[in-house]
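Note sheet for the following structure.
The values are calculated or read from the model by the stated rules, or taken from the named source; none is laboratory data. All figures in this text were calculated on a predicted structure; none of them were measured in a lab. Cβ coordinates were reconstructed from backbone atoms using ideal geometry, including for glycine residues, and neighbour counts include every protein chain displayed.
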């Protein structure tokens, strides 16, 4: 740029302004102006090129109300200007174009135009000094600082990448060993199956020979036992579920009683009023209601494994009885222990009487189990092998899923998984647990709130001013971790959090904001988000080194 | 809306009684009003008639004395004031040891009336005998008040014709004081109410109470009344004032805002298309208000105008108590045989106030302009606003932190969206303690304020009248210790609930309290506030969450022991006033125009700042409904008004948001706002094409700011509306009287009709006259005929906006970040040549936009004239400014010139290259670019770089 170039003209456009007598509008060569019309603070060219140094053509813009403009490409002011902006040379710093609308508006935009040339008309008495020397110096200092910091961060990142790849390797070797084990188990399983089948066939032959065995009742008893076991399992689950639900009821009651104490009764919100009224009725009802007499001890009693001392002694059926008639002899097995002696004596005398009078034959067989110990052992061994197989298979699936999961570039977040960062903001502490969840923890003891569970990694474009301390997102594509389906909001959606990542030397939760109800944004610095600058041979080659 | 939270007429005892009374009178043709002027009491002196009305209260002929004053004012306005002697003299007893004042409230005038009360010395008695007195008054004595003594009534005439009648129907009712005599059994309780009448005076006394207004009147509501669990002790018993006011031959009436529904008011006594309930004025915080309803809203202005072809008349009912207005219209036929031919409609109104004086001003027009001018001589004109406040306001409940505010500020710049003000709702405070900041989220209010200031922007922070009742909060402690709060009926500090929980209310009726209030705003005291911090007064109806109808108990006591019932509708104004006065000077030596937004208001609030229509919804019908509401404010003397752009509750779809910005760009007060539970919706979040369209609407507003400011100057001078409905600009075009969805802006000739319907891509604009109309954006000539509608394309990107021929208006075309940064920009003048092809005129007002220096002449006021033969356009002083010595601002304005003049509809003779400019003794040439007419488009010419100072005389010659 030479002195003769009009104010605001950037170096690449200087050639259009070389003529000293006339000026030709850049994209309208038919329009030739006197050079005194350049920068005379009045717009003449339909492309605005006669006013590189003033704001006179700043209304030639799709955002401004449209007006007819003969000669422009569109015939209206909704057009494109020939120049990208007002050129601030910023000698001693970095030259830049600034929007024409910032020119001569009475504000020194030093951060964009440190040489102060944007206010050459001194409107309203505005005078802007040239601050490029100090701004440039500070800028270079900061740049250097950032460069160094970036290098350190990149180093950190390389460490993380190493850790991540080591972790990956571990998972991979786990996968390999699991596969091997599973293969072995499959062989073992097949053998055991075979063995069991043989044993069982042999035993079945024996059983078949035994008279009276395998009668309807025997089958029924088998089914009944199975059924009882199922029911017992179900009851067990229901009990667990009940306990969970009770916990949740307790929590909800806690929340509601807090609501009742703390809500503003005059807040005009019919919804809240109705909720509180409802809770009061509920609470009143609860205090008078008789507690149901199902004592846990009873349930636990029922849940105990069957055996000689508790519940039903299936062995009495399976191992000693085999005839339908045995039902009568073993009726007492179905009875609660408390009445057994009484019934026992009655039945015994009846039995005796029946036998004595020839009504009932004497006990036909003694012993002869439905299943031999041999079969049982074979079956148990087979089942154990099956169970182990299932476990390992599912472990393998887990590990393989983990391997397939997106842990970001270079698998880097593998190194952070399970770690958390947190920050104090006002009355809350916020926490990000990598690849897990975000949480808001109240310092006033109102409990923790889940702000979202990790869903996926995405990329968004950040566009923010640089911060002096470097703790900001800056400009460009940034990784954004999405956490969704957190705790629901009162009258609102489920909480979610967008976690924006920027490069930093260490993991740090910089800022948390709730831009609207239940939608949070975290800005987090981490080496994991750094670009790898420097050290050739480092970075993604981690795999090969191992 | 929770309709059951608010009273219907039959749930307000006095309204129910007066409506029943009206029914009784209508049903009994033999009914005669028992109010008679005592003939020999009437005396007329210096423009004022004094007399005594005797009200006969029983068959025995007992009477009550009601002093009446009829004042004839220099402005041609008449005022009728009726008081009640016994109460006036304090010769009554209040029940329950009440400390309340015994008088009818007689101080409304102190708050509302600022001038225009000089008596008309020229007014004279034209005729007087034992039965009547006729007074001639007004300009050229064209007005006449004919006062009949028995029964009392007044006919107001203009040029010999009756226009307004008082008590023509005999509904005058002043409930005189009477002691409570409990008959047995005890008075019935109101249906469904937990009426606890603990007042057991002599229960044995069986002497029947004198029936009040008419035989068989329901007395159940004379004493305590309950509503929604709150009991009003009513220590003064029944005391309502009511009167019928008829507008003879008038079909349309306008005014008494704020209500939803059409600009031209509906009848209220049922029937198809009519309301069932009277229009109500009892300022209240109405949650999720409904459209098309006579329900009360946040503020009220009891100024009503009746209009017909060639004539406008009106009344102003000066009463601050709860007021209901029934409206009925009846066709009357002069010649019964003519069957409708020559029949005309008359409108009757029935005004019912709970307490206070009967005090009514009568305006006889004859134009809508006269009405507003006369009304404003009494109540004052619009304050000259801070110039920035005409820009765009970005609000949300809530910007959550100082960082958030700074971020929004940066983003607006990033997307090239101009704005002037960002707002903070209640969450910025430390636990809803006003004058404090939340230490965590607003740790650095000064840093925030400075960033805004760097681009000429402002911050508005909310300050409400409820003061948190908590120890250690200095404001609260001072309020209590100095007894500046409103008291309950027992004279103890009133405690109620609002945002902070338990709170007390500042009593701005108390001068000492206002003085104290002003100290709280000093920069030194309100830490974190700066010169660019301004105030928003919300909840000043007042809103009391646990009070009856979400406001204060009526038996609360204010300064001077006036009951809340007496002053309720004034409450918002007094608080607004206290803040307004506080902001004029926040440090020694400062004297600036305040900016204070209020939600509640009354007649006179226009002197104090802006209002908005409260908590609307993000729905198309609310956008549509906002326009008649804002127009109603404009014609009722409070033009600085707007609705929340985007709708407060809910989430507007993008099309609605965009259309709302396009409409909002034409609200005098232009603010977007959103509820805390709504999604973020700053214009840059809308995405394309919406963000660009919204930005264009904002820039349109900004480019026209010089014209908006000029319109506000006019409102400051005469209180003319800033946006004007058709009946106002074209009072003789009957087809326009009910149109309330299009309007003119100031005197620019700009005719706007915002699109308020979903998926609508055309609009029908009604054309009120034979002028030529141009499309604002294309200069197309609109093929139009007077009285017909034209259909205009209005895709989403387009705001239907026409330019009426014959005007010159000023713009500033350079887009800037804020209005403050436009201060020194050159002007563009737009000339729309009238249909005669030769003439146009317009004006421009400019001042420093901030100080009161304009009161000392520090302003520029230009008249622009396209002369009769389209040979010159000149700029002359609109007022005699020769004696003004230029101050700092005027000197700086020497830099500012006229850049371009765009002449739309330019004559073909202008097809030339150059014009001559003369100014300040010099002559030079400027380029003229002429573009001949094209497909439907008018020819236009642009004078480039005129170069003359905006403040100087100049002349551009085309010949």
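Okay, here's what the table says:
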| read-out | value |
| --- | --- |
| Residue that is within 12 Å of chain B (Cβ to nearest Cβ) and buried (at least 21 other Cβ atoms within 10 Å of the Cβ), where the choices are A:42, A:49, A:36 | A:42 |
| Residue that is nearest to residue B:390 (Cα to Cα) [pool: residues in the stretch B:454-469 that are in contact with a strand residue (DSSP E or B) (Cβ under 9 Å, 6 or more places away or on another chain) and within 14 Å of chain A (Cβ to nearest Cβ)] | B:457 |
| Among residues of the stretch A:426-440, those that are crowded, with 17+ Cβ neighbours inside 10 Å and over 19 Å from residue A:482 (Cβ atoms), counted | 2 |
| Residue in the stretch A:112-122 that is more than 14 Å from every other protein chain (Cβ to nearest Cβ), surrounded by 19 or more Cβ atoms within 10 Å (Cβ to Cβ), touching a strand residue (DSSP E or B) at 6+ places or on another chain (Cβ under 9 Å) and at positive phi present | yes |
| Which numbered condition residue B:467 fails, given (1) farther than 30 Å from residue B:513 by Cβ; (2) free of Cβ contacts under 8 Å to residues at least 40 places away in the same chain | (1) |
| Cβ-Cβ under 6 Å pairs, at least 6 apart or on other chains, the stretch B:947-959 side surrounded by 22 or more Cβ atoms within 10 Å (Cβ to Cβ), far side assigned to a loop (DSSP other than H, G, I, E, B) and modelled with pLDDT under 95 | B:958/B:871 |
| Filter result for residue B:831 (touching a strand residue (DSSP E or B) at 6+ places or on another chain (Cβ under 7 Å) and touching a residue at least 60 places away in the same chain (Cβ under 8 Å)) | yes |
| Yes/no for residue B:542 being within 14 Å of chain A (Cβ to nearest Cβ), touching a helix residue (DSSP H, G or I) at 6+ places or on another chain (Cβ under 9 Å) and closer than 20 Å to residue B:516 by Cβ | yes |
| All positions within the stretch B:137-154 that are in a strand (DSSP E or B) and surrounded by fewer than 20 Cβ atoms within 10 Å (Cβ to Cβ) | B:146, B:148 |
| Qualifying residue in the stretch B:400-410 (condition: modelled with pLDDT of 95 or more and away from chain A (no Cβ under 14 Å)) | no |
| Subset of the stretch B:915-959 that is more than 14 Å from chain A (Cβ to nearest Cβ) and outside any strand (DSSP E or B) - its residue that is modelled with the lowest pLDDT | B:959 |
| Residue within the stretch B:676-683 that is in contact (Cβ under 8 Å) with a residue 24 or more places away in the chain, within 14 Å of chain A (Cβ to nearest Cβ) and within 26 Å of residue A:58 (Cα to Cα) present | yes |
| Qualifying positions in the stretch B:875-909 - away from chain A (no Cβ under 14 Å), in contact with a strand residue (DSSP E or B) (Cβ under 6 Å, 6 or more places away or on another chain) and either free of Cβ contacts under 8 Å to residues at least 24 places away in the same chain or surrounded by 20 or more Cβ atoms within 10 Å (Cβ to Cβ) (or both) | B:875, B:879 |
| Residue count, the stretch B:428-447 (criterion: surrounded by 18 or more Cβ atoms within 10 Å (Cβ to Cβ) and within 11 Å of another protein chain (Cβ to nearest Cβ)) | 4 |
| Number of the condition not met by residue B:691 [criteria: (1) part of a helix (DSSP H, G or I); (2) within 13 Å of chain A (Cβ to nearest Cβ); (3) in contact with a strand residue (DSSP E or B) (Cβ under 9 Å, 6 or more places away or on another chain); (4) surrounded by fewer than 21 Cβ atoms within 10 Å (Cβ to Cβ)] | (3) |
| Test result for residue B:697, more than 30 Å from residue A:495 (Cα to Cα), within 14 Å of chain A (Cβ to nearest Cβ) and either modelled with pLDDT of 95 or more or surrounded by fewer than 24 Cβ atoms within 10 Å (Cβ to Cβ) (or both) | yes |
| Residues satisfying the stated conditions in the stretch B:1-37, i.e. part of a loop (DSSP other than H, G, I, E, B) and either surrounded by 19 or more Cβ atoms within 10 Å (Cβ to Cβ) or at pLDDT 95 or above (or both) | B:6, B:7, B:8, B:12, B:33, B:34 |
| Within the stretch B:477-502, considering residues that are touching a residue at least 40 places away in the same chain (Cβ under 8 Å) and not in a loop (DSSP other than H, G, I, E, B), the one surrounded by the fewest Cβ atoms within 10 Å (Cβ to Cβ) | B:501 |
| Residue B:858 being over 22 Å from residue A:107 (Cα atoms), surrounded by fewer than 22 Cβ atoms within 10 Å (Cβ to Cβ) and out of contact with any strand residue (DSSP E or B) (no Cβ under 6 Å at 6 or more places or on another chain) | yes |
| Listing of strands (runs of 3 or more DSSP E) fully contained in the stretch A:446-517 that carry 2 or more residues being within 14 Å of another protein chain (Cβ to nearest Cβ), surrounded by fewer than 20 Cβ atoms within 10 Å (Cβ to Cβ) and touching a strand residue (DSSP E or B) at 6+ places or on another chain (Cβ under 7 Å) | A:448-463, A:496-503, A:508-516 |
| Selection within the stretch B:809-862 - in a helix (DSSP H, G or I), away from chain A (no Cβ under 14 Å) and more than 18 Å from residue B:894 (Cβ to Cβ) | B:855, B:856 |
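Here is a yes/no grid of residues against (1) modelled with pLDDT under 95; (2) part of a loop (DSSP other than H, G, I, E, B); (3) under 20 Å from the mean Cα position of the chain (by Cα):
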position	(1), (2), (3)
B:659	no, no, no
B:667	no, yes, yes
B:702	no, no, no
B:706	no, no, no
B:714	no, no, yes
